[in-house]
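We did not get these values from a lab; they are worked out from the coordinates using the rules stated. Quick caveat, the model's predicted, so the values are computed rather than measured. Heads up, the Cβs are rebuilt from the backbone with ideal geometry, glycines too, and the neighbour counts pull from every protein chain shown.
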Amino acid sequence: MRLSAFVSALGLVGAVGFGVVYTNQATAVAIDGFVLPTLVAGANVFEIEGKLTAFNVAARTVDVNDTRIVLPAGMLIDTDADGVGDITLEALADPALPTPVGGSMIITGTAASVAGQARFTADGVYFEFAENVVVGPLVAVNAAAGTIQVAGTVVKMNQDPRLPSMILDLGGNEISLAQMAGYEGTLVGVEGHMIGTELHAKVVETEVIVATPNADTVIIEKALYNASKRSVEVRGFVTRNEATGLIAPQVTIDLSCDGLGLVTANVVVDPALNQGEFKYKSNNNAVPTHPGTVCVKTTTSPSAQRNVD
């Protein structure tokens, strides 16, 4: 069971709570109110992980761990941990939605003296309300109520438009909550934030396999690139063809999904699971650059595609 989506590129943050929005526009200045010493080479960078205690949209500042940080005009805030900005500070602070104060931020940037005072300017910002995680068996699916139960936790998909909301099958493809029915007893991972007694999920990772009608179904479970060894590893599954009752003996692997340098991998049938498994690992130095994506198919299946981690 993969659980990769729950960790941001910068690390884990787990602060929970809610508070009052900072509203004193007159005093919410960009300067942090103290003098920086002379900084040695390389000491002008910072990374802060902690609770958002105040913000000021007009001044474009946020306060995290008692440090006031400036967000440059046009900077977007990452909310899905992919390292790419998603929403503006104005959208995060939308007064019609629950306040982000009390949520968690990870901020990187640079420190400098401005008019003799310290100024901390962000070059990357990540936000989440909290990082509450449950990994356990899928106990129940209630499509009508829009909930699932994982271990003892009732899970509902996030409804806040500022944050992602997705359920992924074993191959990392988005599926609906209703498609989880029939997979009770399999392992599920959920990440989100608690509202009352419900976990509002941003990401739900499942072991669901959505079969392709009258064809083989290929699932890419893992695709990893090792930069130091300049090699790639791809693993996944092939389900039994509903039309023929057979499991394909081989898959074709296409690094970068460009139709070049195709390789094949044998499929080993697991009678207990009633499906086949394939594993491919290239030789060292065989893949000089990160391929970005990988595509895998059989002679009758659609091509499955996945980003390479």
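Considering Cα pairs under 8 angstrom that are at least six residues apart, work out the relative contact order of segment 132-205 and quote it in whole percent.
39 percent
Our summary gives segment 218-307 a relative contact order of 35 percent, counting only alpha carbon pairs under 8 angstrom and 6 or more residues apart.
Considering every alpha-carbon pair of segment 132-205, the percent of pairs per 10 Å bin, from zero through the bin containing the longest distance, is 21, 62, 17, 0. Apply the Debye scattering formula to the chain, with a single equal point scatterer on each alpha-carbon and no solvent, then give log10 I(q)/I(0) at q = 0.06, 0.11, 0.16 Å⁻¹. So the normalised log intensities are -0.28, -0.81, -1.22.
For the set Lys222/Lys279; Lys202/Lys279; Lys51/Lys156, the pairs lying more than 20 angstrom apart at their alpha carbons are Lys202/Lys279; Lys51/Lys156. Across the chain, C-alpha contacts under 8 Å between residues 6 or more apart give a mean separation that, scaled by the residue count, equals a relative contact order of 13 percent.
Could you tell me the ratio Rg/Rh of segment 78-130? Both radii from Cα atoms, Rh via Kirkwood.
1.05
Loop sites here are chymotrypsin sites (Phe, Trp or Tyr not before Pro) outside DSSP states H, G, I, E and B with no more than 15 other Cβ atoms within 10 Å. The longest part of the chain free of them is 35-309. Three principal axis extents of segment 218-307 based on alpha-carbon atoms, in descending order, are 41, 25, 17 Å.
Full extension of the segment from Ala151 to Ala243, taken as 0.36 nm per residue of separation minus the current Cα-Cα distance, would add 29.5 nm.
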